[in-house]
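J.: Below you'll find the structure I mean.
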Amino acid sequence: SLPKLTRIETIPVMGNSTENAIHLGVLSGDVKEIEGIIQQYKAIYKKLTIVLTGGDTIFLAKNLKSTIFANPNFLLEGLNSILTYNKDEW
């Protein structure tokens, strides 16, 4: 059976242990997949702006080579702005 992993902040360079190999495979696979999708869209839309948001934003932003706008609270801040803007309408 495979070991239960704990969260890491940096993708290992080599899979020199079972844990490192799993982290390397999963995390680098995710990053490469996101990079591939970004490149596909950039080939179509030359002035594309990538917005990355959510719980793993900071980790992914550190590991992606593409230029992106990263804000883990983007959605919540945007909804709060809408609420603040419309507060007098309630």
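J.: If you take Cα extents along the principal axes in Å from the coordinates, which of (1) 37, 31, 22; (2) 59, 34, 20; (3) 46, 28, 25 do you get?
T.: Of the listed options (1) 37, 31, 22; (2) 59, 34, 20; (3) 46, 28, 25, (2) comes from this structure.
J.: Counting only pairs 8 or more residues apart or on different chains, how many lysine pairs in the range 8-87 have their Cα atoms under 24 Å apart?
T.: Final tally of qualifying lysine pairs is 11.
J.: Quick check: pseudo-label points 7 Å beyond the Cα along Cα→Cβ at N73 and E35, how many nm apart are they?
T.: Distance between label points: 3.1 nm.
J.: While we're looking at this one, here's another question. Tell me the per residue accessible area of the chain using a 1.4 Å probe; a whole number in Å² is fine.
T.: For the chain, the solvent-accessible area averages 80 Å² per residue.
J.: Residues with amide H under 5 Å of A70's amide H, sequence separation 5 or more or different chain, H placed in the peptide plane at 1.01 Å from N; which?
T.: When sequence neighbours closer than 5 places are left aside, the close amide H contacts are L52.
J.: For the range 8-16, just list the computed ³J(HN,Hα) in residue order, Karplus coefficients 6.51, -1.76 and 1.60, θ = phi - 60°, integers in Hz, with x standing in for Gly and Pro.
T.: Going residue by residue, I get 10, 9, 10, 6, x, 7, 10, x, 8 Hz, with x marking Gly and Pro.
J.: If you take every residue apart from S28 with its C-beta less than 15 Å away from the C-beta of S28, what net charge results, scoring Lys and Arg +1 and Asp and Glu -1?
T.: Charge balance in the 15 Å sphere: -3.
J.: Given the -39500 (n - 2.57) contribution per DSSP H run of 4+ residues, what per-residue ellipticity at 222 nm results for the chain, rounded to the nearest 500 deg cm²/dmol?
T.: Values: 3 runs with 46 residues, N = 90.
Result for the chain: -17000 deg cm²/dmol, rounded to the nearest 500.
J.: Round to a whole number: what % of the accessible area of the chain belongs to carbon and sulfur, probe 1.4 Å?
T.: 59 percent
J.: Just to confirm the number: angle between the C-alpha axis of helix 74-85 and the first principal axis of the chain, 0 to 90 degrees, nearest 10?
T.: 10 degrees
J.: Next question, about the same structure. Taking the Cα atoms only, what angle lies between the long axis of helix 18-44 and the longest principal axis of the chain, rounded to 10 degrees?
T.: Helix 18-44 sits roughly 40 degrees off the main axis of the chain.
The values are calculated or read from the model by the stated rules, or taken from the named source; none is laboratory data. Please read all numbers here as calculations on a predicted model, not as lab measurements. Every residue, glycine among them, receives a Cβ derived from its backbone with ideal geometry; neighbour counts consider all protein chains shown. Accessible surface areas use protein heavy atoms only, side chains included; no ligands, DNA or RNA. Shrake-Rupley method; radii C 1.70, N 1.55, O 1.52, S 1.80 Å.
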